[in-house]
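Colleague: Handing you a structure now.
The values are calculated or read from the model by the stated rules, or taken from the named source; none is laboratory data. Model, not experiment: these values are computed from the prediction.
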Amino acid sequence: MNASALLAAQGWRGKGHSLHKTDDTVGLAKPLLLNRKDNTRGIGATQHFTSDQWWMNAFDEQLQGLDTSKKGKVVQTITTGKLNAIEKGSLGKYSLYTTFVRGGFLEGTLEALKREQERKDESTTDSDSDAAEKNAKKAARANESKEERRARKEAKRKRKEEKAQRKLARKSKKSKSKSDSSDDATEEKRRRRARKEEKRRRRKEEEGK
């Protein structure tokens, strides 16, 4: 791709001129000069920093802090050196690793599948027991005699009658309470009307005087 040809096709006047049509003071007349990276020293690095060999200085500092005055015993006297700053447990209260939040463990799927299978087995057992109970009732009814069937139907009819009587009693009690409340309301209206009539009569008597 020829960038100069593309710019010239768009009206560029050529090398040494800006992109403006007539005035070179508007815009950039010279191209931007960029450093070309042709080494493996890392992004943005232009030279090897060999002047500050911090790792060598850190080890020398630790070696100079060793106290060998006592026979058979070596004691480190430096505890705040550069290597101490990166020791485990000395990262400080506000280090990067203190900002991480401990999460839970990932659970496997085997336990969940096992629990699901147990629930299915329980539901199947319940349905099987219900079906067995129904089948037992059907078998008992099929094997019962005419007298037993007649007695069972009679007991069922009595239960229905007792239920209907209880329902009727509740209904009559509710209607009675409603009628009593309506009677009380009617009596209260009658008393209020009588009081109003008495007030009108007294007012007329006072006006006549």
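Colleague: Give the residue, chosen from 116, 107, that is of a type outside the set (Ser, Thr, Tyr), within 26 Å of the chain's Cα centre (by Cα) and at pLDDT below 75.
Modeller: Result: 107 is the single residue among 116, 107 that is of a type outside the set (Ser, Thr, Tyr), within 26 Å of the chain's Cα centre (by Cα) and at pLDDT below 75.
Colleague: Taking residue 157 as the residue in question, decide whether it is modelled with pLDDT under 85, under 60 Å from the mean Cα position of the chain (by Cα) and not small (Gly, Ala, Ser).
Modeller: The answer is no for residue 157.
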